[in-house]
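J.: Let me give you the structure first, and then I'll get to my questions.
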Amino acid sequence: MQFLQRKCIPPLVFCSIFALFLLFFSTFSHFNGVPFLFFHHISAIGDSFDFVENQLKLTPVSTPPSPPRFAYLISGSAGNGDMLKRVLLAIYHPLNQYVVHLDRKASPEERLALEEFVKGYKVFNEVGNVRMIVKANLITYKGPTMVANTLHAAAILLREGGDWDWFINLSASDYPLVTQDDLLHTFSNLPRDLNFIDHTSKIGWKAGQRAKPVIIDPGLSSLKKAEVAWVKERRSVPTAFKLFTGSAWMALSRPFIEYCIWGWDNLPRKVLMYYTNFVSSPEGYFHTVICNAEPFRNTTVNHDLHFISWDNPPKQHPRRLRLVHMKLMLDSNAPFARKFYPNGRLLDKIDAELLSRGREMFTPGGWCAGSGENGTDPCSVVGTPTVLKAGPGAKRLQLLIDFLLSSGTFRERQCK
């Protein structure tokens, strides 16, 4: 009996070892999806050996960043109704949100025609991302009512616009030089706390002609548009915060817009009260707030994303753009430009060569699912909004962004 037990031990040991080998083989036979047997091959290179697992470095599947969403304010005054429609169609995308404002100087008939256009457009109704401020504000462009109107639109977009990443203000004199697919594609890879705002603390002559004079904007208390009133007394430059100035056109991050609207500290309100009596306050309010707010001063990109042609020395308003400015606009790599003649030949050229947009049609993009047969707008049928078809405009814009965020430009030009 003892002999039989001893005789059975070797087979049992062999079976146990064989079972362990099978278990080991089954566990590692598909390490990282590669059959285990491949790892036994070696490659002799000189005096060293490189195992194949070191060569089979699988490229991780990277998920592309989701497209951002822009929230636009498009504003105009009397006679701008048709241009507001054109700008809206040119920059429309289902991912974005839009507020359209035609100020109180426009006739009731013009405002009603624009309202009916917004409410009656099939795609706008289907997507539900375009709204018009029906109770129009009175805007005095040298006064603070323009800032108040911008904050009003931003508040509406925060309340009704769902998720969005950047707030962009445009006028009826602005026009895009790239498609929205180009813009969304390029901004997909950017940190979403960046604020594109042209700014400087070197206010120069503006200290004497804008900061020290005191004005009263009749648009704050009157239903009739009138020029700002000048007060004889002058004031000193503030010491509680540092003044900054720059372009009135900007792309501001949602966190900064929330800060301006909700103001969890008192700086946005304090600065707003100061700019109530400031000449051309849209060229200073947001700039002064962001550069005096510690959480945001290092998020600024010193550019307004516009091509603008100024006289030398600059006047109150920039030059009107003509066909001769086309190459300069493209060389700027900016996504927007201003000021344009309403429905001029330059706009037609931009539609044809840069936006591939037909008259009274949307700018085409990956979201357009229509056939385009018989001259119909292919974007009259909404497809998948997150499908982007970036074109040459994205390449131009990327060159601008790369320059603005380069090590020698980005930090050196922040809130100085």
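J.: Given springs between every Cα pair under 10 Å in a Gaussian network model of the chain, which of Phe187, Phe241, Phe307 has the largest fluctuation?
T.: Highest fluctuation of the listed residues: Phe241.
J.: Sticking with this structure for a sec: Only Lys, Arg, Asp and Glu count, each charged at its Cβ (+1, +1, -1, -1), so figure out the dipole size of segment 314-416 about its Cα centre, rounded to 20 debye.
T.: The calculation lands at about 740 debye.
J.: Now for a separate question. In nm, to one decimal, how far is the modelled label at Asp311 from the one at Asp193, with both set 7 Å along Cα→Cβ?
T.: 4.3
J.: Within a Cβ distance under 12 Å of Leu194, other residues only, what is the Lys/Arg minus Asp/Glu net charge?
T.: On the way: positive: Arg192, Arg254; negative: Asp165, Asp193.
Around Leu194, the surrounding residues sum to 0.
J.: Taking the Cα centre of segment 211-278 as the origin, how large is its charge dipole in debye, to the nearest 20, when only Lys and Arg (+1) and Asp and Glu (-1) carry charge on their Cβ atoms? If you can, show how the numbers build up before the last one.
T.: Details: 10 positive and 5 negative charges, 39 e Å.
Around 180 debye, computed over segment 211-278.
J.: Can I ask one more? At a Förster radius of 25 Å, what calculated FRET efficiency corresponds to the Cβ-Cβ distance of Trp262 and Ser221, to the nearest 0.05?
T.: Efficiency, from the Cβ-Cβ distance: 0.45.
J.: A further question on this structure: For Lys242, list the aspartates and glutamates whose Cα falls under 20 Å from its own Cα; do not include residues on the same chain fewer than 8 positions away.
T.: Asp198, Asp265, Glu283, Glu294, Glu412
J.: Which one, Leu355, Pro213, Ala248, projects farthest toward the positive side of the charge dipole computed for segment 70-413 from Cβ point charges (K/R +1, D/E -1)?
T.: It is Pro213.
J.: List the aspartates and glutamates whose Cα lies under 12 Å from the Cα of Lys339, skipping any in the same chain that are fewer than 8 positions away.
T.: In chain and number order, the partners are Asp174.
J.: Where the only charges are on Cβ atoms (+1 Lys, Arg; -1 Asp, Glu), what is the dipole of the chain about its Cα centre, to the nearest 20 debye? Write out the running numbers ahead of the final one.
T.: Values: 47 positive and 36 negative charges, 288 e Å.
About 1380 debye.
J.: Separate question: Using only the alpha carbons of the chain, what is the convex hull's orientation-averaged projected area in square nanometres? Walk me through the intermediate numbers first.
T.: On the way: hull surface 143.7 nm².
Quarter of the Cα hull surface area: 35.9 nm².
J.: Could you tell me which of Phe286, Ser75, Ser380 has its Cα farthest along the dipole of segment 70-413 towards the positive end, charges placed at Cβ (Lys, Arg +1; Asp, Glu -1), taken about the Cα centre?
T.: Going by the Cα projections, it comes out as Phe286.
J.: In a shell of Cβ-Cβ distance under 14 Å around Thr409, excluding Thr409 itself, what net charge do Lys and Arg (+1) and Asp and Glu (-1) give?
T.: Details: positive: Arg411, Arg413, Lys416; negative: Asp198, Asp402, Glu412.
Within the 14 Å Cβ shell, the charges total 0.
J.: Which cross-chain or sequence-distant (5 or more) residues have an amide H under 5 Å from the amide H of Gln97, H modelled 1.01 Å from N in plane?
T.: Placed amide hydrogens put Phe70, Ala71, Tyr72 under 5 Å from Gln97.
J.: Looking at segment 70-413 only, what percent of DSSP beta bridges run antiparallel? Nearest 5 please.
T.: Here the share of antiparallel DSSP bridges comes out near 40 percent.
J.: Once the piece of chain linking Phe241 and Val214 is laid out straight, how much longer is it, given 0.36 nm per residue of separation minus the C-alpha distance between them?
T.: Working: separation 27, 0.36 × 27 = 9.72 nm, distance 1.78 nm.
Result: 7.9 nm gained on full extension.
J.: Of the listed peptides 156-167, 244-255, what is their order by residue-averaged count of other C-beta atoms within 10 Å, with the highest listed first?
T.: Working: 156-167: 17.8, 244-255: 22.2.
Ranking, from highest mean packing down: 244-255, 156-167.
J.: Any of Lys122/Lys327; Lys105/Lys315; Lys105/Lys327 with alpha carbons more than 28 Å apart? Name them for me. Show your work: numbers first, answer last.
T.: On the way: Lys122/Lys327 36 Å; Lys105/Lys315 24 Å; Lys105/Lys327 35 Å.
Pairs exceeding 28 Å: Lys122/Lys327; Lys105/Lys327.
J.: Which net charge results when you count Lys and Arg as +1 and Asp and Glu as -1 among the other residues whose beta-carbon is under 15 Å from that of Ser221? Kindly include the intermediate steps, with their values, before the conclusion.
T.: Working: positive: Arg104, Lys224, Lys225; negative: Asp217, Glu227.
Here the count lands on +1.
J.: Pulled fully out, how much extra length does the chain show between Arg319 and Arg159, if you take 0.36 nm times their separation in residues and subtract their Cα-Cα distance?
T.: 53.9 nm
J.: Let me ask something else about it. Using a basic spin-label model with each label point 7 Å from the Cα along Cα→Cβ, how many nm lie between Ser356 and Thr386?
T.: 2.3
J.: For a protection proxy built on the mean count of beta-carbon atoms within 10 angstrom, sort 217-224, 79-86, 295-302 highest first, please. Walk me through the numbers before you get to the answer.
T.: On the way: 217-224: 14.8, 79-86: 20.1, 295-302: 18.4.
Descending mean neighbour count gives 79-86, 295-302, 217-224.
J.: Test of understanding: what is the full-extension gain from Glu109 to Lys327, defined as 0.36 nm times their sequence separation minus their Cα-Cα distance? Don't skip to the end; give the middle numbers.
T.: Working: separation 218, 0.36 × 218 = 78.48 nm, distance 3.85 nm.
Using 0.36 nm per residue and subtracting the Cα-Cα distance, I get 74.6 nm.
Quick note: the coordinates plus some simple rules give every number you see, no bench work behind them. Quantities reported herein were computed from a predicted structural model and do not represent experimental measurements. Here Cβ is always computed from backbone atoms with ideal geometry, including for glycine, and neighbour counts include all displayed protein chains.
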